Amino acid sequence: MKHLTRKLFATLVAICLFVPFVQIVHADDDGYYYQSVHVDVEVNDAREYKITETLDVYYNEERHGIIRTIPLSSSVENYKIEDISVQGAPADISTSSYSANIKIGDANETVTGLKRYIVSYTLKHYKDYDEDYDYVYLNLLGNEYDTYVETFSATITLDSSLEVLSQTVTSGSTYSTTNKYVDFTNKGNVFSYSSNQKIPSYNAVTVQMQLPQDSFVNAPQYVFHFTVEENNTEIVVNEEKDYEVSRHLVITNNTDADSSYLFSPEFDDYYDDYDVLDFKASDDSTLSVSYIHTYLKPYETKDVTVTYTLHPKTISRSNNKFTIVTRYDDVETKNASFTITYPEDTFTYEVTAGRYNDEEASANDYIVTQNGSTVSLQLVKTYYQGEVLELYVEPDISMFHRPTPPWFYVSMVISSILALGALLLKLTKFGSKVPETIEFYPPEGLNPLEIGYLIDHTIDNKDITSMILYWASKGCLQIFPAASKNYIFNRLQNPPFECPAYEYDLFEGFFDCGFGSEVSTNDLEDNFYIYADAAKKAVTEKYAEYRKTGKLFGRERNEQSIWKKTGGISFLFTVLGCLPAIFSWAIATYINSGALSFEFFVSVFLGIFMFAGLKAVARGLANPYGSKLASVFLIIFGAIFTFIPFAIGAGLNFQSGNALYIYMGGTILSAVVILMTSNVQKYTEYGERLMSSVLGFRTFIKTAEKERLEALLEDNPEYFYDILPYAQVLHVTSIWEKKFENILIEPPTWYVSEAPFTTRSFVRDMTNMNDVASFKSDPPYSSSDSGGGFSGGGGGFSGGGSSGGGSGGGGSSSW
């Protein structure tokens, strides 16, 4: 049984770790494809790549043109793009710190059939930091083309002064290290490539050429924001299992502006939570919540020593990971050392170093030694941005055991009594139902986003994108269906002057994602989420219990709060609900091992999933006004997420004696209390009045009779369209649509479509538009072309390259 539960636990953890990295399967855009793509590249000794793309695009459907996006960072370096030009159609060119965006075509005209565009630009690179060779690492075809390429060809012509020692060609999906689609030859310094079959969407063609060191004699040298002359760290783990830290840094600000060099007081994730104690600095460096701030004037070099104690509240991992050089900062590190001393010498260690996709760095880059209970690491070479150096130490986990207090036994009984008291409080005091008043319109001054928050106390992306339809009904924009998965919006005017500030910012941000006064759902991807998150925060704060006063730690009661002051009681219920389970797990592990052993920490980890599942079940049961499908999903998903970790935890060495019964009893008691007390908030007088109107409005939508709707239409011919965005956030869209099946209404002036108009088709199209816009409003997934903003020259080329890992490339979409 023990072995089986351990396997189940390992499987659960693997699934939890794997899920965030699952990539979405991309679908082709069937409205166009590339009949041929030909790329000419000229490479000179300044490490400039002068690129000309000849794009023969065949449009199966009417489109304005294409949008060509070129990233400005690869997996190993950043670079500049200059001299962008387009032949064959008008083009709108814009650049950001992340990419160049070339929108080709005429907004007033559409094209079909074959169309040729010629796009030219220059990628300017810095010197790379590889000490053995120079490299050309280039995506001839990017991995973000959303349609296939029927025929692909390319030539790379190198300056006569350049000599290629070896070449690797990869083609296929992102990170592929094989060549599936391309044949290649060369004659002197001219290298030719041609496809041997159709290249599917989201597949790249990447070339990596190795040249002798110092081939790019005229390439510029990148100047980093900071140079770390020294970064020396000493850590002693004392008998109390605290980390006594001393860090000495010599830092130079290489810019002409005042700057703050930031570094974290922690080193990575060898504890769950921690306190920073006794912080001292030799200069004016300060400690914030997450960082130590060292302030430098222009071109100043500062010598800084900081000391402090890290007190881990709970040690949960035997594998201690210490990051000595991080890859994310705009920094070059010339010298660094790291030393850690444990109370005992029973541990093993290993070092990870290098860049993304090339972390098998030479052991000559550093020196690592062990002397008794001390491990020391010293840099030998200079480390540049994008490179990482990490030390993994795995001590004996018993080294971090802390004795279990004897009052744990008594606390189990006390916590159970308190939890039952909380349950009685919930059953007797909280949970009154709000009366409804029938309303023909939503409460005055509330937009759909706020109604969506009030009805289920959360804001999702569909609540955000319901504002598009709301703005259209207010005459602020027009909607043009461009394709099944893309819509175009034209700006007509700003939202009304009296609208909330966050709504105006959201509207501006919506069109900032596009070009001028036009934006499409495709443009929202990787951009709109920033404005959406700000709007979510603003609405949540609008109805929060307290507002900030602007003074330090100042808060005042919010008159617009919809909840009474129940935050303390809610927190109390949560704590009391969890106590029986937590104490029962601690006692069970103590019975089995005599200490808070590994099984206890695993049980706490499983408990997080279990309680999350319980919260999901409670949320599904307590969401009568939200989506029924969502409620059912929450209940089923939560039940599964609750049972699996509970069963696994029960098998973790809790089979003997009373340990299993204590574990199960405490867990079941916690589950009952949490389920019963998950919704303890009570409406304020204002909140009850507001919710009464919202629920009454929702009830009217569900029960309105034809005669009443016809009378409302006579007073307001746009009534159906004005209410539709509210119906979306109230999850009654289909009901609202059916109410008008036998009522004649005119199509809205702001919806421009050649398809025949019916209420049913219109609502289906607007629902689809909202779904597409909602999906595009998610935060971006990790980009395979971007290395996290590395600046300067490249390193880590020596792995041979992978598809999509080089400079340039990028993607294409239609509009």
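Structure summary
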read-out: 5 angstrom amide H check on residue 211, placed H, neighbours 5+ away; value: 134, 135, 136, 165
read-out: Low-density loop positions, GluC sites (Glu not before Pro), segment 696-770 - DSSP coil, at most 10 other Cβ in 10 Å; value: 705, 741, 754
read-out: Amide proton proximity set for residue 558, modelled H, under 5 Å, gap of 5+; value: 546, 547
read-out: Span from the segment 173-201 Cα centroid across to the segment 136-152 one, whole angstrom; value: 10 Å
read-out: ³J(HN,Hα), Karplus 6.51/-1.76/1.60, whole Hz, each residue of segment 210-225, x for Gly, Pro; value: 9, 10, x, 4, 6, 5, 8, 5, 9, 5, x, 8, 7, 9, 6, 4
read-out: Segments 131-139, 63-71, 258-266, 116-124 sorted - mean Cβ within 10 Å per residue, highest first; value: 63-71, 131-139, 116-124, 258-266
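We did not get these values from a lab; they are worked out from the coordinates using the rules stated. On a predicted model such as this, the values are computed, not experimentally measured, just so you know. Here Cβ is always computed from backbone atoms with ideal geometry, including for glycine, and neighbour counts include all displayed protein chains.
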